[in-house]
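Computed from the coordinates by the stated procedures, all read-outs in this text should not be read as laboratory data. Please read these numbers as outputs of a predicted model, since none were measured by experiment. Neighbour counts are summed over all protein chains in view; Cβ atoms, including those assigned to glycine, are modelled from backbone coordinates with ideal geometry.
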Amino acid sequence: MKKVLIIVLLIPVWLNSKAQTDEQLLPAQLKQQTVITEPVTVRKGYTRLGFAAYYSVIDRWFDEDGKREYFPENTWASLWNFLLLAQYGITDRLQLGIDIPFRSSSLYQSIILDAPGADYYEELFWKVKGSGLGDISIGAKYQIITETPSRPSLVFTTYVTLPTGQKNPTDIEDERNYKLPAGSGETTLDVDLLLRKINFPYSYTFNIGYLHSFGGSRLLDPMDTEETEYQSGGNLDIGASYNFNLNEWIVLQNELMYFRSAPDKIAGAIPEDEFSSWSVQYLPKINFQLKRLRIVQAVGILLVGRNTGADPTYFIVAQYML
Amino acid sequence: MRQSFNKYWIVCFLILLGVNQEVIAQLGQDTILYKETTLSRPLNVHKGQLRIIGGYSMKTNTRYYDDSGNTEELSELGISSIEHNFLFGLNYGIIEYLQFTAGIIWNRHGQRGQNLFLVSGVDPSLDVSTFDEYNGSEDLYLGLDFRLPLKTRKLDWLFSVGLTLPTAENGDSQPEHSYGDIDEYSNSTKVVYHYVHNYGYGTNTVIPAMSLKYRISKFGITGYLSYRHPLGESAADAWSYQLDDNNEFIYENAEYSYQKSWTFNYSIIAEYQALSMLNGFINYHSGKSYGGWTTETGKKIADPEVVLNELLLGIELVVTPKFWIRQSIGFPLGGTNSFAPFSLNTGLSYNFFPFSK
């Protein structure tokens, strides 16, 4: 009976020791890890290519009292932003990346001018579109602290955006007919610190980042004859996420982001109608990991804010690990 | 030795019995869901099964079909709009062939009109905007769905009878017009005519419906038919308004009667079960509303007939046997007196047996 009891008692010990054994993954399997299980940076010698598309419209906004309002004017603006992404692992802790954007925007407006006394009636139309290469970003991501079962990883990311896109309106016929620019004309520096902890099948992140614009000059109005110096306000973002596997190949990410933007400067001064803005956004993302291919769908839902747009943003990303 | 051997097997048996009991407890009635694909599952839920459904649809209205079916480009006038629809629903299997259904939809839509800049010769000029806001829930739907107890699994035939209760506000709420301060730059005053509309019918409606599904190997085809009939007339307030001496709008309301249109919908859905967890489908949907009238202007005037034909392409992913995601993209094909929406639709379903032993 003693032997029987010893065997029974040893079963859990054996099971436990088996469970603690690290699973050795093949290189092909490493390239198929989900956003939960993969390292924060791309492994040494690996390349990840991607394509992203963002869509947003201007329909509602948060006013200066934080109230969500519709724009009453009959203006319709939409923006498609396409990105080609590439990331390469220099070492297991250092990754380089490049984002090449292509931007397509449109702005439509019309107004009826009616002066019955002067027997004058006219419909005016603004049909402004533009597309082209945007401002290219290059950067690096470095794991300052790598993750272990007892500690999170700490990652530093920095990206520089260069004013490669057309910054001024082109093909200007009049104030209602011209091509919108695809670039901003500014160089920016974006730095970010990220903490991530995996507790499979969950992971948690916390990040804080700041984007600084170095300013530039451009035509602020299509009818301007000279460029005006300007500088976009700095942007602070603080975020946290809670992510989990729905099954072996689908991950749901839940991100909450606080975003604050300082007012822009024009000719060295802040105009009277420029204000700082802030918003809190909930960003649920669903990740489909189909072997090396990853498809991410997300919608950014603005919960509260002030002096900023209140419309959702949609994006889809496809990534492939070579 | 013999005695030790027996005791050993008794202990092992007891351990395995415990493990086995745990496995059985974990599976239960849920095993039914593990065996089903999108294509093979019946049109109703199983006895004791509860399905909770959440959905979101975003429609971009950049075009409009006029009374003759011609397309008007709203975007060029700057009056395109976005419509958000949120759905919450549930199904519960009373018996294997009979389910209870409840559902409610909440919508939000803001429609701008063309701006008017009116120069009357008397300062200031008027900068007039018109804005129609549609915001709120639709009426609560309750229904029973009965599936014919056919022996073949190739064919499913479901009959439904539903009722909507007038839980939502109907007609128009008091407008929220505004008369602004003078804009010194344009020497004009901003006037916004802001109308607030509701989605309720103001009366009960009855909705008989039918679904018929036929399966061949990995393919399936489903036909769906429904009809919504208001049970009587409704009443709502018509709003008149004028500016007082302080440039504030004052409103008066007067009751009028109306009857919402009858609505007829049908769909033909072809689907293909590509993988056990992936189903692709194409859905042709047509909706038509007619027969409504209103006395809002003092005379009984017929509502225009509204038609919209759409094509939806989508997939359903079985994330887990209990949890499914359904996504589709909708394209307008034609219609009359209707927006021509491009739609992005997402639905989530969670299924379980809350009272299984």
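Sort A:80, A:61 so that the residue with the fewest other Cβ atoms within 10 Å of its own Cβ comes first and the one with the most comes last.
Fewest-to-most Cβ neighbours within 10 Å comes out as A:80, A:61.
Answer with one residue from B:38, B:284, A:71: the one whose Cα lies farthest towards the positive end of the charge dipole of the protein assembly as shown, charges on Cβ with Lys, Arg +1 and Asp, Glu -1.
The one lying farthest along the dipole's positive direction is B:38.
Could you give the dipole magnitude of chain B about its Cα centre, charging the beta-carbon of Lys and Arg +1 and that of Asp and Glu -1, in debye to the nearest 20?
Result for chain B is approximately 3740 debye, rounded to the nearest 20.
As a footprinting exposure proxy, order B:297, A:41, B:71 by other Cβ within 10 Å, with the fewest listed first.
B:297, B:71, A:41
Angle check, please: helix B:2-27 long axis (alpha carbons) against the longest principal axis of chain B (alpha carbons), in degrees 0 to 90, nearest 10.
The angle comes out near 20 degrees.
Calculate the dipole size of the stretch B:90-201 relative to its Cα centre from +1 charges on Lys and Arg beta carbons and -1 charges on Asp and Glu beta carbons; express the result in debye to the nearest 20.
Roughly 1020 debye for the stretch B:90-201.
Of the cross-linked pairs A:179/A:265; B:190/B:260; B:35/B:213, which ones have a Cα-Cα span greater than 26 Å in the structure shown?
B:190/B:260, as the Cα separations exceed 26 Å there.
Which whole-number percent gives the relative contact order of the stretch A:56-191, counting Cα pairs below 8 Å spaced six or more residues apart?
19
Size of the dipole of the protein assembly as shown about the Cα centre, Lys and Arg at +1 and Asp and Glu at -1 on the beta carbon, nothing else charged, in debye to 20?
6760
Taking every residue in A:66-77, how many Cβ atoms of other protein chains lie within 10 Å of its Cβ, on average?
The mean count of partner-chain Cβ atoms within 10 Å per residue comes to 6.
Which one of A:204, A:284, A:109 is farthest out on the positive end of the charge dipole of chain A, using unit charges on Cβ (Lys, Arg +1; Asp, Glu -1) and the Cα centre as origin?
Of the listed residues, the answer is A:204.
Would you work out which of B:211, B:164, B:199 lies farthest towards the positive end of the dipole of the stretch B:159-218? Charges go on Cβ: Lys and Arg +1, Asp and Glu -1.
Farthest towards the positive end: B:211.
Can you work out the base-10 log of I(q)/I(0) for the stretch B:210-357 at q = 0.18, 0.20 1/Å, using the Debye formula on its C-alpha atoms alone?
-1.11, -1.22
To make sure I understand the rule: partners must be lysines, Cα under 17 Å from the Cα of residue A:31, and not fewer than 8 residues away in the same chain. Which ones qualify?
A:44, A:291
Test of understanding: extend the Cα→C-beta vector of residue A:282 to 7 Å, then name every residue of the stretch B:97-119 with backbone N under 14 Å from that spot.
None, by backbone N distance to the label point.
Check each of the GluC sites (Glu not before Pro) in the stretch B:68-173 and keep only those in coil by DSSP with at most 16 other C-beta atoms within 10 angstrom; list them in order.
Sparse-neighbourhood loop GluC sites (Glu not before Pro): B:96.
Mind jotting down the distance between the C-alpha centroids of the stretch B:81-156 and the stretch A:266-298, whole Å?
28
Once the Cα atoms of helix A:2-20 and of chain A are each reduced to a long axis, what angle between those two axes, in degrees from 0 to 90 to the nearest 10, is obtained?
Roughly 30 degrees, rounded to the nearest 10.
Calculated FRET efficiency, residue A:158 and residue B:300, Cβ-Cβ r, R0 56 Å, to nearest 0.05?
Efficiency, rounded to the nearest 0.05: 0.20.
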